[in-house]
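Visitor: A single structure is presented below for examination.
The values are calculated or read from the model by the stated rules, or taken from the named source; none is laboratory data. These numbers come from a predicted model, not from an experiment. When we count neighbours, we look across all protein chains shown, and the Cβ atoms used for this are built from the backbone with ideal geometry, even at glycine.
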């Protein structure tokens, strides 16, 4: 895609055209997206001096909305002025996703999620879903609805809001390795946040919000309420090239339960950095570093390191460090990808005291027709004490 854009800009618009005014921007090929959204993403407008750099950045903005497979510019000179034509190939915005998860003990989770990635044709999003565990004594049920109103406030701020509900029955209450009885649990979470874009290319972003969470226990444990204050700072220089992602991304994210109204003072702070390097065709090298720490004085409420290939007692603690290295390589055209990877790190109380090493791979079948369908098989195997063999098979849609 990048080579195509550069070629078209070089061939269709000679150097003599620089310094001339853009008289018209034509938008062609839209079925589900409104032209108003496209114009929001453009950094070049009618009446301004033509800039190839601004046009390239505008196309990056449009591709990073994840609504389009292709944005092809055509530039010509008419009566001494520049006319830009943008041709689009869109992704289909509404995707139903069956949710199925199987476990080795015969239990399974099933449900359905429906996503609209382009609500009202303005890039807003709506997710609705319901899942339930079968073959278990706990009968866990989950339902949620989330929405993201894209650049709804002053053209530069997203409004994110939603509600999730979970219910479990006959959950064992364990103390000192003894089962004292069973209880029922209901949980409700209502996250609300704002994302502000600090520059026209949406590289720098600030996230602030609140996430009230309420838990009701039938017995053994008193009800709990938390009013999490959430915040984040994002530096996103990635570009969506449909078949691969290139560029770097870093963020700091934290959440703290407001101490005067919450049941317990607790929270967490996370840092993440990743870089995706395009090597050839659609192959990419990726590396990432993540760190996290619990904050507050509460018992429990530990953070999950996300290190695969180990049992939870090795991966959940007060703090963690994690590195990941991978190579994503196309093995059948642009349809089947193999991604060998290596994850190293540790989850610990005060300072690192172990080294967890988990090699693995991901085999993915991918197609970019109307929507980005994915069938993937993941495998991870830890090394040493507490290790585990983990596999995950899923059918999904990427956006």
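Visitor: I'd like to check something: does the stretch 296-308 contain any residue that is at pLDDT below 95 and in a strand (DSSP E or B)?
Guide: Checked the stretch 296-308: at least one residue is at pLDDT below 95 and in a strand (DSSP E or B).
Visitor: Condition check: farther than 18 Å from residue 386 by Cα and in a loop (DSSP other than H, G, I, E, B). Does residue 293 satisfy that? Break it down into steps so the answer makes sense when it comes.
Guide: Values: farther than 18 Å from residue 386 by Cα: yes; in a loop (DSSP other than H, G, I, E, B): no.
Considered against the rule, which asks whether it is farther than 18 Å from residue 386 by Cα and in a loop (DSSP other than H, G, I, E, B), residue 293 comes out as no.
Visitor: Take the residues of the stretch 118-137 that are part of a loop (DSSP other than H, G, I, E, B), touching a strand residue (DSSP E or B) at 6+ places or on another chain (Cβ under 8 Å) and modelled with pLDDT of 95 or more: which is surrounded by the most Cβ atoms within 10 Å (Cβ to Cβ)?
Guide: Among them, the one singled out is 123.
Visitor: So, residue 245, is that one out of contact with any helix residue (DSSP H, G or I) (no Cβ under 6 Å at 6 or more places or on another chain) and closer than 28 Å to residue 302 by Cβ or not?
Guide: On the way: out of contact with any helix residue (DSSP H, G or I) (no Cβ under 6 Å at 6 or more places or on another chain): yes; closer than 28 Å to residue 302 by Cβ: no.
So residue 245 fails the test.
Visitor: Suppose we keep only residues that are surrounded by fewer than 17 Cβ atoms within 10 Å (Cβ to Cβ) and more than 22 Å from residue 69 (Cβ to Cβ) within the stretch 12-22. Which one would you say is modelled with the lowest pLDDT?
Guide: Only one residue fits best here, namely 15.
Visitor: Could I ask something else about it? In this structure, is residue 296 touching a residue at least 12 places away in the same chain (Cβ under 8 Å) and within 16 Å of the chain's Cα centre (by Cα)?
Guide: No, not satisfied.
Visitor: Restricting to the stretch 124-164, name every residue that is more than 30 Å from residue 199 (Cβ to Cβ) and either without any contact (Cβ under 8 Å) to a residue 24 or more places away in the chain or not assigned by TED's automatic domain parsing to the domain that holds residue 207 (or both). Show your work before the answer.
Guide: Of the stretch 124-164, the ones more than 30 Å from residue 199 (Cβ to Cβ) are 128-145, 163-164.
Within the stretch 124-164, 128, 130, 132, 143, 144, 145 qualify.
Visitor: At pLDDT below 95, outside any loop (DSSP other than H, G, I, E, B) and either within 26 Å of residue 193 (Cα to Cα) or assigned by TED's automatic domain parsing to the domain that holds residue 158 (or both): is that true of residue 115 in this structure? Break it down stepwise before answering.
Guide: Details: at pLDDT below 95: yes; outside any loop (DSSP other than H, G, I, E, B): yes; either within 26 Å of residue 193 (Cα to Cα) or assigned by TED's automatic domain parsing to the domain that holds residue 158 (or both): yes.
Yes; evaluated as a whole, the condition is true for this residue.
Visitor: Continuing with the same structure: Out of (1) closer than 30 Å to residue 225 by Cβ; (2) part of a strand (DSSP E or B); (3) without any contact (Cβ under 8 Å) to a residue 40 or more places away in the chain, the odd one out for residue 347 is which?
Guide: In the conditions (1) closer than 30 Å to residue 225 by Cβ; (2) part of a strand (DSSP E or B); (3) without any contact (Cβ under 8 Å) to a residue 40 or more places away in the chain, residue 347 misses (3) alone.
Visitor: Still on this structure, please answer the following. Go through the stretch 244-268 and count every residue that is within 24 Å of residue 334 (Cα to Cα) and buried (at least 19 other Cβ atoms within 10 Å of the Cβ).
Guide: Selection size over the stretch 244-268: 1.
Visitor: Of all residues in the stretch 377-397, which are in a strand (DSSP E or B), surrounded by 15 or more Cβ atoms within 10 Å (Cβ to Cβ) and at pLDDT 85 or above?
Guide: Within the stretch 377-397, 378, 379, 380, 381, 387, 390 meet the criteria.
Visitor: Could you name every one of the strands (runs of 3 or more DSSP E) located completely within the stretch 178-251 that has at least 2 residues being out of contact with any strand residue (DSSP E or B) (no Cβ under 7 Å at 6 or more places or on another chain) and not assigned by TED's automatic domain parsing to the domain that holds residue 57? So that I can check it myself, show each step before the final result.
Guide: Numbers: elements: 178-189, 192-197, 204-217, 224-236.
Correct list: empty, since no element meets the threshold.
Visitor: Restricting to the stretch 23-39, give me the number of residues that are crowded, with 19+ Cβ neighbours inside 10 Å, assigned to a helix (DSSP H, G or I) and touching a residue at least 60 places away in the same chain (Cβ under 8 Å).
Guide: Matching residues across the stretch 23-39 total 1.
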